[in-house]
Amino acid sequence: MTLVDTNILLDIVTDDPTWADWSIQQLDIAATKGPLIINGVVYAELSVRFERIEDLDAVLAEAGIGLAEIPPAALFLAGKVFQRYRRAGGSRRGVLPDFFIGAHAAITGLPLLTRDIARYRTYFPTVQLIAPRHTSHT
């Protein structure tokens, strides 16, 4: 099973000229190894690109991506890691979703398919990242 980050799906939905092909290829590779999943945070972030829930659900179904709940232990971990981030001087407001996603991968032992590697490597060093070798934070 592989947890998929929002940026990978946005690459495909928006047909990103730089990343869409890479993201499609990585999804295909991950799908050969087992189920692909997202959690409610990724679902919510992705929903902003769709007018109707049925359209989002159709895209996920076509891609063979399931929806999994975030375990309570991961929710707790996300809060603690976010607290550590804030104490270290982090002030960016939009990062909490990344902590939910990273904690979900860490607690469940799932690899995470993402392009946003810096924060995950820093705060969730045990998570196996499936990511491009060279990327900037997006």
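The values are calculated or read from the model by the stated rules, or taken from the named source; none is laboratory data. From a predicted model like this one, the values you see are computed outputs, not experimental measurements. Glycine gets a Cβ as well: all are built from the backbone with ideal geometry, and neighbour counts include every protein chain shown.
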Exercise for the section: Please tell me if L77 is surrounded by 15 or more Cβ atoms within 10 Å (Cβ to Cβ), farther than 15 Å from V4 by Cα and not aromatic (F, W, Y). Expected result: yes
Practice task
Consider Y85 carefully, then state whether it is of a type outside the set (K, R) and in contact with a strand residue (DSSP E or B) (Cβ under 9 Å, 6 or more places away or on another chain).
Solution key: no
Problem - Filtered residues of the stretch 25-44 (kept if of a type in the set (V, I, T) and surrounded by 15 or more Cβ atoms within 10 Å (Cβ to Cβ)) - result: I37, I38, V41, V42
Practice task
Kindly establish whether L113 is in contact with a strand residue (DSSP E or B) (Cβ under 9 Å, 6 or more places away or on another chain) and within 27 Å of G34 (Cα to Cα).
Solution key: yes
Exercise for the section: Answer yes or no: is there a residue in the stretch 50-66 that is at pLDDT below 95 and among the basic types (K, R). Expected result: no
Exercise for the section: Considering only the stretch 45-64, state which residues are of a type in the set (A, V, I, L, M), under 22 Å from H104 (Cα atoms) and exposed (fewer than 13 other Cβ atoms within 10 Å of the Cβ). Expected result: V48, A61
Completion exercise
For the stretch 45-103 the number of residues that are in contact (Cβ under 8 Å) with a residue 24 or more places away in the chain, small (G, A, S) and either over 19 Å from I24 (Cα atoms) or in contact with a Phe, Trp or Tyr (Cβ under 7 Å, 6 or more places away or on another chain) (or both) is 6
